[in-house]
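Remarks on the structure that follows.
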Amino acid sequence: MSNTGKSLEGARSRSQIVVLFICLIVFIMLLFVNFAYLSTQSNYDKQYIGHAGELRVLSQRIAKNATEAAAGKAAAFKLLADARNDFDTRWQYLKKGDKNTGLPAAPDAVSDELKAVQTDWENLRKSTDVILAREQTVLSLHQVAATLAETIPQLQIESEKVVDILLQTRAPASQVALAQRQSLLAERILGAVNTVLSGDETAVQAADAFGRDASQFGRVLNGMLEGNATLKIAQVEDRDARARLAEIAELFQFVSGSVDEILETSPELLEVREAAGSIFNLSQTLLDEASVLANSFEHMAGGRAVYSYAGYMLGLLALASIILIGLVMVRETNRQLRETAEKNERNQNAIMRLLDEIEDLADGNLTVAASVTEDFTGAIADSINYSIDQLRELVSTINLTAEQVFGAVKDTQTTATQLAAASEHQALQIAAASNAIHDMATSIDQVSANASESVAVAERSVTIANKGNEVVHNTITGMDNIREQIQDTSKRIKRLGESSQEIGDIVSLIDDIADQTNILALNAAIQASMAGDAGRGFAVVADEVQRLAERSSSATKQIETLVRAIQNDTNEAVISMEQTTAEVVRGARLAQDAGVALEEIEGVSKILAALVESITNAAQQQAALGQQIS
């Protein structure tokens, strides 16, 4: 596949991932909104149902407390007030909402049920208010009744004792009958009080009867103590009987003092009893209506199941988006792995080809040439070829310079040999000067000519030595250039190693992506298993994604092994370049040593030229002297 096709495929994969991520974000946002709405409404429904359920309980609690309050239980009044207030508070929550919890008013869907409860609650509240408003009256009346319930039996006992005393003293039968009738009146008074407290329809008549009987009891008691001609009651004369009658009179003072209070408050007690009865009747109706209201709230809450299904669908869509993202990422990862593997293989082949081509260079073969290709090793091969060419030219220059130096030295040696022979011949001629002065002059002329040539040869040796020294300096400069080129090549190979390291980092990143994909696949499998049968298909896809992630991880490890091999080969190439650099440095040192030797040769040649010039001058002087002598 061409680079353009690979780029298009990568761009298409990235576009797919972006679209899937956008879909995933949208699904998650919708899921969050749906969850928030469903959670809020569920909370509202729980509060509605809770308030409606409490209304049911409170309706029965109000009825129970109202009955007990009407019966005179002091604690029941507080419980009744608390139940009424609690009922009213919860009712207001349903009607107008609760600002503290953010609960809105009940929806219009239950308006009919609310109206039904509203009507009965208003009636029940009025009856409750009646009972609570009569609290002191009811408690006071029941307190009086309790006291009477304790006092009247004592009156009966004392009256019976009076009857016994009168019978023992043989009192008139009329007095005994009156005493016995007092006991019956006391019993009737107690019964009337209980009837008044019961609050039934005979309570008013019982209150009137209580007043009449109490008045009659008091008149008879007073007549028995003091006598009453109008009622034809004779005064009791017996001292013990009078003492008992005095005790009865003392006990009866409370009864007579309570008559007015009972007569005045009995109508209010009747109202309380009627209110309690009304509450009892309304409580059952209110219970039924509150139950209907609670059922309506529960039905309304059940109607929101569609939002739960929508949440499940959004969750499945989000899961599908995650799975698709994983699949696209795995596909893109595999594509990148293939491209990386192909690129690494090309790089590996290029490196091996370059190493094979420059292998003979380590053995000193300067005829090799690295192939310049379009791979990343092309620039390296070009630099190596340039370095080899420079090195080849430098070696050729060194060889040529060495040959020139050798020729110059050989010429100098020949000239010196000739000069030695001429000097020896001159010595012989000088020894025979006395015999052939004319021959000496001729020989001196020849020596002078030869000495002139020696001067010219010596000067040419100096010139050649200077040139050789310059060539050596150029050789050293070329060696330094070669060393810099090799160092630059070594740096490039090191950068190749660093690129291999970056490839290793990319492979590690791909390995991390494969691990993350594996985790995502595992989470998708868990979500699919939680979804039950609906997520079974997604579980299969999640397993496939997990297997793909494991294969990607395995391929990544293989690529990591190849990258390490490339790094090892690169390090060996760097070491080879460093060794080559060391050899070039050693060659530069040898060339420098040759330059030093040439400088010494140049110095010796200069000294030799000076000596030859001195000899020439001396020979010329000898020739002139010989001519003068001749």
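The values are calculated or read from the model by the stated rules, or taken from the named source; none is laboratory data. Everything quoted here is computed from the prediction, not taken from an experiment. As a convention, Cβ positions derive from the backbone with ideal geometry for all residues, glycine included, and neighbour counts pool all protein chains shown.
Of the candidates LEU94, LEU103, LEU80, the single residue that is in contact with a Lys or Arg (Cβ under 9 Å, 6 or more places away or on another chain) and of a type outside the set (Ser, Thr, Tyr) is LEU80.
Are any residues in segment 85-142 of a type in the set (Gly, Ala, Ser), touching a Leu at 6+ places or on another chain (Cβ under 8 Å) and either not assigned by TED's automatic domain parsing to the domain that holds LYS64 or not in a helix (DSSP H, G or I) (or both), and if so, which ones? Answer for segment 85-142, where residues must be of a type in the set (Gly, Ala, Ser), touching a Leu at 6+ places or on another chain (Cβ under 8 Å) and either not assigned by TED's automatic domain parsing to the domain that holds LYS64 or not in a helix (DSSP H, G or I) (or both): GLY97, ALA105, ALA106.
Answer with yes or no whether LEU245 is in a helix (DSSP H, G or I), modelled with pLDDT of 80 or more and in the same structural domain as SER159 (by TED's automatic domain parsing).
On the way: in a helix (DSSP H, G or I): yes; modelled with pLDDT of 80 or more: yes; in the same structural domain as SER159 (by TED's automatic domain parsing): yes.
Against the criterion (in a helix (DSSP H, G or I), modelled with pLDDT of 80 or more and in the same structural domain as SER159 (by TED's automatic domain parsing)), LEU245 qualifies.
Let's see how each residue does on (1) under 60 Å from the mean Cα position of the chain (by Cα); (2) part of a helix (DSSP H, G or I); (3) modelled with pLDDT under 75; (4) under 30 Å from SER529 (Cβ atoms):
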{"position": "VAL545", "(1), (2), (3), (4)": "yes, yes, yes, yes"}
{"position": "LEU548", "(1), (2), (3), (4)": "yes, yes, yes, yes"}
{"position": "VAL574", "(1), (2), (3), (4)": "yes, yes, yes, no"}
{"position": "GLU583", "(1), (2), (3), (4)": "yes, yes, no, no"}
{"position": "ARG586", "(1), (2), (3), (4)": "no, yes, no, no"}
{"position": "GLU602", "(1), (2), (3), (4)": "no, yes, yes, no"}
{"position": "THR616", "(1), (2), (3), (4)": "no, yes, yes, no"}
{"position": "GLN620", "(1), (2), (3), (4)": "no, yes, yes, no"}
